[in-house]
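**Q** For reference, the structure I am asking about is given below.
Each reported figure results from applying straightforward, stated rules to the coordinates on display, with no laboratory input. Owing to the predicted nature of the structure, the values given are computational and were not obtained by experimental measurement. Methodologically, a virtual Cβ is constructed for each residue, glycine included, from the backbone with ideal geometry; neighbour enumeration extends over all protein chains shown.
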Amino acid sequence: MYGIGSCDTCRRARKWLTEQSHEYKFHDLRDDGIDIQMVERWAGRIDWQKLLNTRSLTWRKLPEVDRAAMSKDSALASMLEHPTLVKRPVLECSKFIAVGFSPDNYKAIFMQT
């Protein structure tokens, strides 16, 4: 699981995984870092627009011209520069990748694996 330790959504997802006895490793995008291989791998498995956190304060602080012209390449570069632009959490394993958290979605994912 990739996220930010102070993110409430990441905390809820981690709590859910623990309560359901699912093992996971947490990678803090701020503390542990983020690299181009990571975001390219995610964007290769899921639409890059789903990875982009357009509700964040960081997004709102970007110049309007940059937000309006956002492409895959500029989005991935922006995520590298500002890890809070990654919609969190990113739950990744060999069989699936999920972005964001809802108990129902996680339950459905783990029922399929």
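**Q** Using label points projected 7 Å from each Cα along Cα→Cβ, tell me how many nm separate residue 110 and residue 26, to one decimal.
**A** 1.6 nm
**Q** In addition: Report the label-to-label distance for residue 64 and residue 18 in nanometres (one decimal), using points 7 Å from each Cα along the Cα→Cβ vector.
**A** 4.4 nm
**Q** Angle check, please: helix 72-81 long axis (alpha carbons) against the longest principal axis of the chain (alpha carbons), in degrees 0 to 90, nearest 10.
**A** The angle comes out at about 80 degrees.
**Q** Once phi is turned into ³J(HN,Hα) by the Karplus curve 6.51 cos²θ - 1.76 cosθ + 1.60 with θ = phi - 60°, what whole-Hz value does each residue of the stretch 90-106 show in order, with x for glycine and proline?
**A** Those phi angles translate into 9, 9, 10, 9, 5, 8, 7, 9, 10, 10, x, 9, 8, x, 5, 5, 4 Hz.
**Q** Another question, then. Would you mind getting me the FRET efficiency between residue 94 and residue 6? Use the beta-carbon distance for r and R0 = 30 Å, nearest 0.05.
**A** 0.60
**Q** Go through [x] 15.7; [y] 13.6; [z] 14.5 and flag the label whose value is the computed Kirkwood radius over Cα pairs in Å for this structure.
**A** [z]
**Q** Hey, got a sec? Which trypsin sites (Lys or Arg not before Pro) in the stretch 1-99 land in a DSSP loop and have at most 11 other Cβ atoms within 10 Å?
**A** Of the trypsin sites (Lys or Arg not before Pro), the ones in loops of the stretch 1-99 whose Cβ has at most 11 other Cβ atoms within 10 Å are 25, 55, 95.
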